[in-house]
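The values are calculated or read from the model by the stated rules, or taken from the named source; none is laboratory data. No experiment lies behind these values; they were computed from the predicted model shown. Counting neighbours? That spans all protein chains shown, and the Cβs are built from the backbone with ideal geometry, glycine included. Only protein heavy atoms, including side chains, enter the accessible area calculation; ligands, DNA and RNA are left aside. Shrake-Rupley method; radii C 1.70, N 1.55, O 1.52, S 1.80 Å.
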Amino acid sequence: MTDLHRLSIRELSEGLAGAKFSSRELTEHYLKRIAKLDTQVKSYVTVTAEQALVQADAADAAIKAGTATALTGVPIAHKDIFCTQGIKTSAGSKMLDNFISPYDATVVAQGKTAGLVTLGKVNMDEFAMGSTSESSFYGATKNPWALDHVPGGSSGGSAAVVAADLAPFATGTDTGGSIRQPASFCGLTGLKPTYGRVSRYGIIAYASSLDQAGPMARSAEDCAYLMNVMAGHDAKDSTSMDKAVEDYVANLNATALKGLRIGIPKQYFNVAGLDAAVKARVEESLKKLEELGAVLVEIDLNMTESYVPTYYLIAPAEASSNLSRYDGVRYGYRAENPQDILDLYKRSRSEGFGAEVQRRILIGTYALSAGYYDAYYVKAQKVRRLIQQDFLKAFEQVDVIAAPTAPTTAYKIGASLDPVEMYLGDIYTIAVNLAGLPAISAPVGFDQDNLPVGLQLIGNYWSESQLLSVVHQYQQATDWHSKRAAIAEENA
């Protein structure tokens, strides 16, 4: 079959279970597509072809023996921030270019238990710091919709690999929008779960109180299948919540759109820099949800102006602490012929880290320094609580909150965005991480250059099932999620 890459996760699951094709055939199909097309997209850092075929054969045996799960034999790509035993785990950095992980992240281990077949590890902004996937040591990944544009970041490789049909779905991580923004830029659905819903064990840390893993796929239904595997308590992660996991697939139609109150924050639609086409597509999608029975309610989120400064104090401060372990001594990049221990530290870090990572380490170290800790970091944590309370007050009036995912569509590769301009592009996503809330991005149309636009829906704590259900019903009534870039239509 030449069109296996056009099947949804449900169709792949049913096809494997019904012996319409084998996992080996499916895996070989994707490996051929990767070999043919990824030279253009540059989404994979490592392709694990040999291991994938071994896993595919094991999946076929499990299906034959009747011991398969719903996802046994379905291929997946992992963001190169998830530790994978025996495979390079680089976090997109020269610092970890030689690091072979001795263990699996919990998300990867859960995928193996479910019978998923790992195609490889995909590109990302270095240590998940960035919004374009250009800061990777391995070079920029391209947006399948326009190869001279970025796919977003930091999970840009995860978005590009799905948008180009080089994997059916992928894992991503989201510290300030790194699942949702690339999903928006590449016309996909991406879910950032509630903090603590998915284990962070084995995910290379950027900002520990903000990082959260989630699924990236074409549709809410596809994301629900992967969430059924990813979600759950993990004793190895002290921030993991011991809370029962819902069956996200079974609940896809559980939330009634009739009477669903969708909050429309006044402040979000008056942000300087919000592109007119993005605003129009988002408003059209809200009108469609209204036609399907939802009620639009105008709300205030008064802390909006505090999002960017608060995030860009807390996240770099935590990054400064987390990245202090990379010193050229224990593992990772080590400078050659150091004169002394100080020279080893300085050169290993200055040669091993890229410009954006160094910038955020410096900002964070400054914010944590003795003279500025109270003035900056402590104050930012207090404002963070006010942001959380602002959302909780809003959820007394509404069920979900709607916003653009990003103020623009994808930037051109090499666009001269200064760091502050790039940081301001996170205005709609970072507050969700500061508050620990779940949020989802779904495709709702295109701008004048045929670049995808995303709608973001933000939910109250533990409302992943509701968010997936709302988007699923929207996608049953529209076809934006089924649109494909030209490169995705090519057969291997």
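Quote the convex hull volume per residue of the range 167-319, based on C-alpha atoms, as a whole number of Å³.
Hull volume over Cα atoms, normalised by residue count, gives 144 Å³.
Within the accessible area of the range 312-462, what % is carbon and sulfur when the probe is 1.4 Å and the other protein chains stay in place?
Accessible surface attributable to carbon and sulfur in the range 312-462 totals 53 percent.
Between the range 222-286 and the range 306-336, how far is it from one alpha carbon centroid to the other, in angstrom?
Result: 29 Å between the Cα centres.
Give me the percent of accessible area attributable to carbon and sulfur for the range 233-306, probe 1.4 angstrom.
Ligands and nucleic acids excluded, carbon and sulfur reach 47 percent.
May I ask for the Rg/Rh ratio of the range 347-492, computed from Cα atoms with Rh as the Kirkwood radius, given to two decimals?
1.05
Which entries of K266/K288; K36/K64; K79/K382; K79/K346; K192/K393; K42/K94 have Cα-Cα distances beyond 23 Å here?
Exceeds cut-off: K36/K64; K79/K382; K79/K346.
So, taking all protein chains as they sit and a 1.4 Å probe, how much accessible area belongs to I264, in Å² rounded to tens?
30 Å²
Which of the peptides 380-391, 200-211 is most tightly packed, and how do the rest follow, going by the mean number of other Cβ atoms within 10 Å of each residue?
Highest-to-lowest ranking by the protection proxy: 200-211, 380-391.
How about the range 50-152: which chymotrypsin sites (Phe, Trp or Tyr not before Pro) there are in a DSSP loop, with at most 16 other Cβ atoms within 10 Å of their Cβ?
Sites meeting the loop and neighbour criteria: Y103.
How about K483: which aspartates and glutamates have a C-alpha closer than 16 Å to its C-alpha, ignoring those fewer than 8 places off in the same chain?
Hits, sequence-local ones excluded: D3, D165, E221, D222, D447, D449.
Given the whole protein assembly as supplied and a 1.4 Å probe, what does the accessible area of Y372 come to in Å², nearest 10?
About 90 Å², rounded to the nearest 10.
Would you kindly state the longest site-free stretch of the chain, with sites defined as GluC sites (Glu not before Pro) in a DSSP loop (not H, G, I, E, B) surrounded by at most 12 other Cβ atoms within 10 Å?
1-335
First compute the accessible area of the range 1-142 with a 1.4 Å probe, then give the percent of it belonging to carbon and sulfur atoms.
Looking at the range 1-142 in its full context, I get 54 percent from C and S.
Calculate one ³J(HN,Hα) per residue across the range 380-385 by plugging θ = phi - 60° into the Karplus curve 6.51 cos²θ - 1.76 cosθ + 1.60, and present them in order as whole Hz with x for glycine and proline.
The phi angles translate into 4, 5, 5, 5, 4, 5 Hz.
How far apart, in nm, are two points set 7 Å out from the Cα along the Cα-to-Cβ line at D97 and at T2?
4.0 nm
Kindly provide the trypsin sites (Lys or Arg not before Pro) of the range 253-324 that DSSP labels as loop, not H, G, I, E or B, and whose Cβ sees at most 13 other Cβ atoms within 10 Å.
Here the sparse-neighbourhood loop sites are K258.
What is the dipole size for the range 118-183, taken about its Cα centre, with +1 at each Lys and Arg Cβ and -1 at each Asp and Glu Cβ, in debye to the nearest 20?
120 debye
Report the charge-dipole magnitude of the range 335-492 in Debye, nearest 20, computed about the Cα centre from +1 at each Lys and Arg Cβ and -1 at each Asp and Glu Cβ.
Approximately 500 debye in magnitude.
Can you pull the three principal axis extents for the Cα set of the range 272-351, in Å, largest first?
Over the range 272-351, Cα extents along the principal axes are 69, 24, 23 Å.
Rolling a 1.4 angstrom probe over the protein heavy atoms, how many square angstrom per residue are accessible across the range 161-203?
7 Å²
DSSP beta bridges in the chain, what fraction antiparallel, as a percent rounded to 5?
If we restrict to bridges inside the chain, about 70 percent are antiparallel.
Per residue, what accessible area does the range 1-129 have, given a 1.4 Å probe and all protein chains present, in Å²?
On a per-residue basis, 37 Å².
For Cα extents along the principal axes in Å, several values are listed as (1) 78, 66, 45; (2) 64, 57, 45; (3) 63, 54, 38; flag the one computed from this structure.
(2)
Using a 1.4 angstrom probe, figure out how much accessible area the range 333-469 has per residue, in square angstrom, rounded to the nearest whole.
Ligands and nucleic acids excluded, the result is 43 Å² per residue.
Taking only the Cα atoms of the range 5-152, how large is their convex hull per residue, in Å³?
109 Å³
With an 8 Å Cα cut-off and a minimum separation of 6 or more residues, compute the relative contact order for the range 188-312 in percent.
Here the relative contact order equals 21 percent.
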